[in-house]
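To keep things clear, I will list the structure first and then write my remarks on it.
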Amino acid sequence: MAARDQKSLKRRRIGYYGVIDECRDYELIAAGARLRPDYQWIFVGPLAKIDPADLPQVANLHYLGSKKYEALPQYLAGWDVAMMPFALNEATTYSALPIRRSILQVASRSFQPPSPTSSKRTVTAAWSASRPMPKPL
């Protein structure tokens with residue numbers, strides 16, 4: 001069963017679920033959404049420690065709010081790419097990424113982590129095994 005509030009969003013969908021807080025790289029997210037206006041960027045989760053007015057506002061960014069834990073597989077099943085848009089710092093690199101990797105692997109998504117030694121800002125993404133990876137920019 002598909003999640004109703006994302007069903008009307010066009011395909012190529014890039015999604016994130018989890019707390020939407022100050023640990024995300026919103027500048028990078030906004031840049032990605034502007035570079036890929038044909039993709040829908042979907043965020044599922046509660047806001048914490050961030051003013052909603054500070055979230056990027058781009059036409060293809062969709063903030064769907066908190067959902068019940070049991071509904072998350074329906075959202076993930078409707079995404080072509082699952083992302084982890086963490087700002088890269090010591091806390092997110094060594095604590096958050098291993099946890100998220102496990103969650104995405106359970107959901108049958110392959111995982112492409114950033115290099116802990118890289119200074120590049122990246123969105124870590126997991127691609128569905130049944131859908132091709134997007135072409136690089």
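The values are calculated or read from the model by the stated rules, or taken from the named source; none is laboratory data. All figures in this text were calculated on a predicted structure; none of them were measured in a lab. With ideal geometry, Cβ positions are generated from the backbone for all residues, glycine too; neighbour counts draw on all protein chains shown.
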Practice problem: Evaluate the following for residue 14: is it crowded, with 17+ Cβ neighbours inside 10 Å and either part of a strand (DSSP E or B) or of a type in the set (D, E, K, R) (or both)? | Solution: yes
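For region 33-85, list the strands (runs of 3 or more DSSP E) that sit wholly inside it and hold at least 1 residues that are under 13 Å from the mean Cα position of the chain (by Cα), on the phi < 0 side of the Ramachandran plot and among the β-branched types (Val, Ile, Thr); which are they? Quick ask: steps written out before the conclusion?
Numbers: elements: 40-44, 61-65, 81-84.
Answer list for region 33-85: 40-44, 81-84.
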Quiz item: Looking at region 56-75, which of the residues that are within 16 Å of residue 16 (Cα to Cα) and small (Gly, Ala, Ser) is modelled with the lowest pLDDT?
Solution: 71
Exercise. Please determine, by comparing only the residues of region 85-99 that are closer than 23 Å to residue 35 by Cβ and at pLDDT below 80, which one is surrounded by the fewest Cβ atoms within 10 Å (Cβ to Cβ).
Key: 87
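Here is a check on your reading of the model: is residue 105 surrounded by fewer than 13 Cβ atoms within 10 Å (Cβ to Cβ) and modelled with pLDDT of 85 or more? Walk me through it before giving the result.
Values: surrounded by fewer than 13 Cβ atoms within 10 Å (Cβ to Cβ): yes; modelled with pLDDT of 85 or more: no.
The answer is no for residue 105.
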Exercise. State yes or no: is residue 53 out of contact with any strand residue (DSSP E or B) (no Cβ under 7 Å at 6 or more places or on another chain), modelled with pLDDT of 95 or more and over 18 Å from residue 79 (Cβ atoms)?
Key: no
